[in-house]
1. Could you tell me whether any residue of region 367-375 is surrounded by fewer than 18 Cβ atoms within 10 Å (Cβ to Cβ), at pLDDT 95 or above and in contact with a Leu (Cβ under 9 Å, 6 or more places away or on another chain)?
2. So which residues in region 319-340 are surrounded by fewer than 22 Cβ atoms within 10 Å (Cβ to Cβ) and farther than 16 Å from residue 379 by Cα?
3. If we keep just the residues of region 1-23 that are at pLDDT 95 or above and more than 25 Å from residue 368 (Cβ to Cβ), which is surrounded by the fewest Cβ atoms within 10 Å (Cβ to Cβ)?
4. State yes or no: is residue 84 in contact with a strand residue (DSSP E or B) (Cβ under 6 Å, 6 or more places away or on another chain), surrounded by fewer than 16 Cβ atoms within 10 Å (Cβ to Cβ) and not small (Gly, Ala, Ser)?
5. So which residues in region 240-282 are under 22 Å from residue 343 (Cα atoms) and either in contact with a His (Cβ under 7 Å, 6 or more places away or on another chain) or of a type in the set (Gly, Ala, Ser) (or both)?
6. Suppose we filter 444, 378, 407 for residues that are in a helix (DSSP H, G or I), out of contact with any Pro (no Cβ under 8 Å at 6 or more places or on another chain) and not small (Gly, Ala, Ser); which single one remains?
7. Assess whether residue 296 counts as being closer than 25 Å to residue 189 by Cβ and among the hydrophobic types (A, V, I, L, M, F, W, C).
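The values are calculated or read from the model by the stated rules, or taken from the named source; none is laboratory data. This one's a predicted model, so the numbers in the text were calculated from it and none came from an experiment. Here the Cβ is made from the backbone with ideal geometry for all residues, glycine too, and neighbour counts use every protein chain on show.
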Amino acid sequence: MRCVMKRAPLVLVTSDMTFAPKLLFADPKGRVMEHPYLLATLRSGEELVPPQDKPIPLPSTGRLVHLPGRLPVGLHPETGELELVREMKVGGKTFVPNAVGALLPPGYTRTFLPGEVKGSGPVLPQWAYTAAAWVGEGPVAWAIHTDRRSHWDPERFSTPDMKDLVAKHMARFPDNRVLKQLKTCAMLYRCFTSQNTFYVRDEAAIPASVMCNARCVGCISDQPADGPPASHERMDDGPTGEEMGQIGLFHLEHAPGRTMVSFGQGCEGEPLTRWKQIAEAIRYMRARTQAGSININTNASLTRGLEALFDAGLDAIRVSLNSAVKDLYEAYYKPVKYGWEDVEASIALARERGAYLALNLLLFPGVTDREGEVRALERLVKKYRVDQVQTRSLCIDPLQYLEVARERGAGGEPVGIRTLLQRLKAARPGLIVGNFARGLDERENAAGHR
């Protein structure tokens, strides 16, 4: 693995307070400790850099995790040199340390990756690893609180009554294949959107597809034998339009306030590969109620299918992408019988049809925020009057994604994730930048709906 190490300031200053963020490391059992003198480092793409920007206290529902087989890199406070930590001795025992990162709750967007290099270890599980350190009496993480809407707070999910709520809803639709999948997602994977279906509130999931026309490197439901374990398992039998319509209709008719159903979840393939069944489901719902919003999360590959969904009554779309530059987009998504041009055609169609248009932007510090990549994203949100950019810290082994992105995409020096988000807002006045979907009554002032 290639990386560049940069020498830099010895302290980080934020909020008029100078402090030294200490390097964290873990022993072979995963116990996290503070290094006695080294400061933390951060990763931005290929480069390891000293502490910069503004870390935040690790949120109460966030957590520290060790990165097996990854060696931590620290900054010496006196020499200003970066040091690779190959060995530690604690309590009389010597061991090879593991690097440490943070996992953030919903509503936060990471700004830097953990400062580490590959030792001897596997491809890391699919999580959004975030740079972390120890300051004073507690851990900090390099992130921005990008969406403060409280209805996605983790405390509202996986509550003690979840099992009973699942059983109650399953009794309403005992043979429905949508609910059978959602039960697994809600109880085993603890997916918040799936749980909303059983809480009967907010944005609820309607998984639709067992197949996909992309081979995303970071796919969480399908991985090759030599990849990390997939964190979700797809359903093995696609539901009918009526089955999906039944679950969606119940939610739209009974969920209070901010009400939405969404096709296309992490536990499935690409929903547009089953656009005929989804169109049937939308018609089923809209023939019986006009309440709430119907959304699709998609790679936007099949413009013809998307057009049929708009005809049926789809009113919102969230397009997933890691880049607005063809070669980097296609290197990550590995599209089958479609390309970036098809994605952009679908984005154009969504704007033409007056749908609420959001981008599900998979962010990776040091790549997504390169100057050329930022300009391409600015062009996209401006040209198509994008309503919202939903920031998603890409869940993937950082070194795995760097292999994908190397010498691909638009170049230039990274400007920083914070600056990237600011520039997107400036490129399209009214653009919403956040992590969560907006309901019907929250869309009036969005960029494309002014």
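1. Let us first name the residues in region 367-375 that are surrounded by fewer than 18 Cβ atoms within 10 Å (Cβ to Cβ), namely 371-372, 375.
Still in the list and also at pLDDT 95 or above: 371-372, 375.
Next, from what is left, pick out any that are in contact with a Leu (Cβ under 9 Å, 6 or more places away or on another chain): none.
Within region 367-375, not a single residue is surrounded by fewer than 18 Cβ atoms within 10 Å (Cβ to Cβ), at pLDDT 95 or above and in contact with a Leu (Cβ under 9 Å, 6 or more places away or on another chain).
2. Selection gives 320, 327, 330, 331, 334, 335, 336, 337, 338, 339.
3. Among residues in region 1-23 that are at pLDDT 95 or above and more than 25 Å from residue 368 (Cβ to Cβ), the one surrounded by the fewest Cβ atoms within 10 Å (Cβ to Cβ) is 22.
4. Spelling it out, residue 84 is indeed in contact with a strand residue (DSSP E or B) (Cβ under 6 Å, 6 or more places away or on another chain), surrounded by fewer than 16 Cβ atoms within 10 Å (Cβ to Cβ) and not small (Gly, Ala, Ser).
5. Listed by number, the residues that qualify are 262, 264, 266, 267, 269, 279.
6. Values: 444 fails: in a helix (DSSP H, G or I); 407 fails: in a helix (DSSP H, G or I).
Of the residues listed, the single one that is in a helix (DSSP H, G or I), out of contact with any Pro (no Cβ under 8 Å at 6 or more places or on another chain) and not small (Gly, Ala, Ser) is 378.
7. yes
Yes or no, residue by residue, for (1) of a type in the set (A, V, I, L, M, F, W, C); (2) under 23 Å from residue 204 (Cβ atoms); (3) touching a Lys or Arg at 6+ places or on another chain (Cβ under 8 Å):
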{"position": "407", "(1), (2), (3)": "no, no, no"}
{"position": "411", "(1), (2), (3)": "no, no, yes"}
{"position": "426", "(1), (2), (3)": "yes, no, no"}
{"position": "439", "(1), (2), (3)": "no, yes, yes"}
